[in-house]
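**Student:** Encoded as structure tokens, here's the structure I'll be asking about.
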């Protein structure tokens with residue numbers, strides 16, 4: 001559950017979907033609902049039918065989201081590695097042939113990354129951006145992982161900011177982690193470059 005501030009909580013998306021679907025179905029079945037002096041409902045039969053169908057779709061979608069299997073630790077590790085490696089792979093692909101379109105660069109980047117990770121390129125192209133969105137908000141992700149996730153989701157300004165923060169963290173570590181600092185500076189540079197493409 002996502003927390004905003006101290007007292008406001010937003011329920012997961014599937015729960016909201018289920019509640020909205022249930023309300024639509026209730027309105028479709030009841031027609032008009034009167035609570036004290038407030039009237040809620042739809043009087044036209046065709047609109048009530050449409051509300052019921054939409055509500056049913058919402059309920060089915062929420063149940064499907066509840067029952068969707070979570071990622072295995074092995075898949076999670078591969079996707080995390082994919083998020084971390086994507087900026088470097090994309091930059092390398094772009095440098096090899098500078099005249100490529102953005103679509104070609106993205107496709108070749110996913111192909112190269114899929115070979116590197118040993119996974120299907122189409123599956124990787126489908127799952128990596130979704131996982132990157134999740135990783136950007138993950139409390140246990142490192143700053144560098146969150147920076148890479150921002151890069152994958154094309155939030156290049158945030159990727160640059162987080163990469164510079166990761167470089168600063170690596171520099172302040174005792175002893176300084178020079179390899180991590182260089183990687184973070186490279187990601188910051190790639191992110192800055194991507195903002196002007």
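Just so it is clear, none of the values below were taken in a lab; they were calculated from the coordinates. Fair warning: this is a prediction, and the values are worked out from it, not measured in the lab.
**Student:** Rounded, prolate or oblate: which one fits the chain, using the alpha carbon gyration tensor with axes a ≥ b ≥ c (rounded when a/c is under 1.5, else prolate when a/b beats b/c, else oblate)?
**Tutor:** Prolate is the answer for the chain, as a/c is 1.5 or above and a/b outweighs b/c.
**Student:** What value, in deg cm²/dmol to 500, does the helix sum -39500 (n - 2.57) over DSSP H runs of n ≥ 4 give at 222 nm once divided by the residues of the chain?
**Tutor:** -24500 deg cm²/dmol
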